[in-house]
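> There's a structure below that I have some questions on.
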Amino acid sequence: MSEIGSLTPAALDFEPVMRGDTFPARPLAMLSQDGAAVEVTSALLQVRTRLRQTLVTEWKTSDDSILISGSPTPNIITLAEKPAAETAEWPLGRHDYDLEITLADGRVITLFKGDFPVNRDTSRSA
């Protein structure tokens, strides 16, 4: 098991999301730069997507929309599914996102950042 230190955020782009489709749950492994599992159960995690500085959606451990699992080291975080009714309201475009972790000692570290594209569904007119 490894510990999180001060890191440059890793670039990780999401595959395009079709507006109006269910966003499936997405697991992400928390690994150190040397590939060791990083235990994150004592930390608070949040993922936020923004389009031109406007918050579009978020996931966080504090509301159980990010779940932590893994054995023997709990280092897998899973972003909960977002229903089609919610994604139908997401604006089209290339959103920015980041995954931020707040450690038990109060340090705040951005682990991932990247693009979160939302594409037009041809079934929708707008």
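Each value in this text was obtained by applying a stated rule to the coordinates, not by laboratory testing. Since the model is a prediction, treat every value here as computed from it, not as a measurement. A quick note on method: Cβ atoms are made from the backbone with ideal geometry, for glycine too, and the neighbour counts reach across all protein chains shown.
> Can you tell me which residue within segment 21-37, out of those that are over 30 Å from Ala84 (Cα atoms) and of a type outside the set (S, T, N, Q), is surrounded by the most Cβ atoms within 10 Å (Cβ to Cβ)?
Taking segment 21-37 as the starting set, the residues that turn out to be over 30 Å from Ala84 (Cα atoms) are 31-37.
From the residues that got through so far, the ones that are of a type outside the set (S, T, N, Q) too are 31, 34-37.
Numbers: Leu31: 14, Asp34: 6, Gly35: 8, Ala36: 13, Ala37: 18.
Only one residue tops the list, namely Ala37.
> Right, next: Kindly establish whether Leu111 is farther than 17 Å from Arg26 by Cα and assigned to a strand (DSSP E or B).
no
> Only residues in segment 56-80 that are surrounded by 15 or more Cβ atoms within 10 Å (Cβ to Cβ) count as the first member; pair them with residues that are acidic (Asp, Glu) and in a loop (DSSP other than H, G, I, E, B), Cβ under 7 angstrom, at least 6 apart or cross-chain, and list the lot.
Matching pairs, first to second residue: Thr73/Glu39; Pro74/Glu39; Asn75/Glu39.
> Could you grab me the full set of residues in segment 38-55 that are over 15 Å from Gly93 (Cα atoms), surrounded by 17 or more Cβ atoms within 10 Å (Cβ to Cβ) and either β-branched (Val, Ile, Thr) or out of contact with any strand residue (DSSP E or B) (no Cβ under 7 Å at 6 or more places or on another chain) (or both)?
Within segment 38-55, Val38, Glu39, Val40, Val47 meet the criteria.
> Which one of these does Leu103 not meet: (1) over 17 Å from Phe14 (Cβ atoms); (2) surrounded by fewer than 12 Cβ atoms within 10 Å (Cβ to Cβ); (3) of a type in the set (A, V, I, L, M)?
(2)
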